[in-house]
Amino acid sequence: MKALALFSGGLDSLLAMKLIINQGIEVIALHFVTPLSNFDKNKEEILRKKVTELGGQLKIIYLGSDYVQMLKNPRFGYGKNLNPCIDCKILMLKHAARLMEELGASFVITGEVLAQRPKSQHKETLILIEKNAGLAGLLLRPLSAKLLEETFPEKEKWVNRQVLFNFNGRSRNPQFKLADSLGIKNFAWPAGGCLLTISSFCGRVEDLLKHDECTSANLELLKIGRHFRLSKSFKLIVGRNEKENNEILKSAADRDVIFEPLELPGPTGLGKGFANESAKAISSQIIAGYTSKNNGAIKVTIRVFPQASSETVSVAPIDENKLKQFRI
Ligand code: SF4
């Protein structure tokens with residue numbers, strides 16, 4: 001018997017997996033990575049280690065255009081910020097449902113806890129999510145199973161319902177006690193929360209949505225640098241350190257405009273969209289504003305990627321108040 005688990009890396013998903021593995025069921029943990037995920041090889045290794053310690057296997061699933069489509073137009077709307085949790089869960093579970101056959105699994109589990117979150121974890125919502133994902137009766141939530149309808153795996157006695165739980169609400173204490181009794185330690189997951197639940201970040205996403213620029217590549221870029229909207233069709237991203245400058249350069253696409261200070265240490269700017277003379281001038285002033293020794297005029301190079309040739313302008317650093325008007 002095999003099950004797939006939605007695996008965020010957090011404690012609840014670890015507990016759900018462990019409860020099912022302890023019943024002699026093989027579990028494949030699915031970790032979904034979106035353009036907004038804070039994910040790299042190091043994090044993948046941490047996750048793989050955790051899953052292996054529990055006795056499961058890890059599979060990473062990358063979501064791209066289908067995630068973007070969902071974010072642009074979530075059927076069940078957004079949460080408190082720009083988090084389309086219901087649609088997001090449905091999307092991940094639809095992927096899990098498709099993978100069941102391919103991986104030979106008979107059901108899916110999640111670490112969801114009834115009423116833990118305001119909108120997406122009410123009983124009716126949990127039912128709505130599993131129906132819309134095509135998993136009615138096949139989605140088991142081990143941490144709250146005793147408060148929910150019996151699922152097919154429980155009815156068929158693949159899983160013993162008696163040793164599952166009835167967790168309900170926002171308190172985390174029952175999970176901590178259970179982790180202790182199951183011998184699960186070091187369960188902190190460094191990824192932090194979903195960026196779409198952080199209001200200060202959502203302004204950047206809102207800007208992309210408003211200007212019809214919401215693509216996987218543009219969402220990826222929201223995680224780095226300072227962002228400035230200079231016109232309806234042009235925005236500038238400015239690196240905050242050498243690492244970001246390099247990442248910005250690596251992400252340049254054809255016809256993007258690259259701004260760099262000449263002969264002085266300073267940030268790299270990536271202009272996306274149609275750069276008219278005014279956008280180029282303001283972008284150069286912004287770059288000059290973040291360049292060291294910025295007394296007086298600064299020379300800034302402007303080149304259209306992937307061309308090697310550039311023009312050089314000499315500009316004064318932008319005024320602080322003017323800068324604020326453009327900041328996203
Ligand atoms: S918190 Fe973020 S990742 Fe989690 S379901 Fe909501 S939108 Fe998706």
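The values are calculated or read from the model by the stated rules, or taken from the named source; none is laboratory data. Here the structure is a predicted model, which means the values were calculated and not measured. Heads up, the Cβs are rebuilt from the backbone with ideal geometry, glycines too, and the neighbour counts pull from every protein chain shown. Accessible surface areas use protein heavy atoms only, side chains included; no ligands, DNA or RNA. Shrake-Rupley method; radii C 1.70, N 1.55, O 1.52, S 1.80 Å.
None of K2, K72, K18 is open to solvent by 70 Å² or more (accessible area, probe 1.4 Å) and charged (D, E, K, R) except K72.
Within region 70-121, the set of residues being in a helix (DSSP H, G or I), away from the ligand (no atom under 14 Å from the Cβ) and either without any contact (Cβ under 8 Å) to a residue 24 or more places away in the chain or in contact with a helix residue (DSSP H, G or I) (Cβ under 9 Å, 6 or more places away or on another chain) (or both) comprises R98, E101, E102. Scanning region 122-132 for residues that are β-branched (V, I, T) and open to solvent by 10 Å² or more (accessible area, probe 1.4 Å), which turns out nearest to the ligand (Cβ to nearest atom)? That would be T125. Looking only at region 189-221, which residues are at pLDDT 95 or above, assigned to a loop (DSSP other than H, G, I, E, B) and crowded, with 18+ Cβ neighbours inside 10 Å? C214, the sole residue that qualifies.
Would you be able to say whether some residue in region 248-263 is more than 29 Å from the chain's Cα centre (by Cα) and farther than 23 Å from K322 by Cβ? Yes; the residues of region 248-263 include at least one that is more than 29 Å from the chain's Cα centre (by Cα) and farther than 23 Å from K322 by Cβ.
Scanning region 29-40 for residues that are modelled with pLDDT of 95 or more, more than 11 Å from the ligand (Cβ to nearest atom) and open to solvent by 10 Å² or more (accessible area, probe 1.4 Å) yields one hit, H31.
Quick grid of which residues meet (1) open to solvent by 60 Å² or more (accessible area, probe 1.4 Å); (2) closer than 13 Å to K235 by Cβ:
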site	(1), (2)
I248	no, yes
A252	no, no
R255	yes, no
F259	no, yes
P267	no, no
K272	no, yes
E277	yes, no
S283	no, yes
G289	no, no
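Within region 133-154, one or more residues are within 14 Å of the ligand (Cβ to nearest atom) and surrounded by 14 or more Cβ atoms within 10 Å (Cβ to Cβ).
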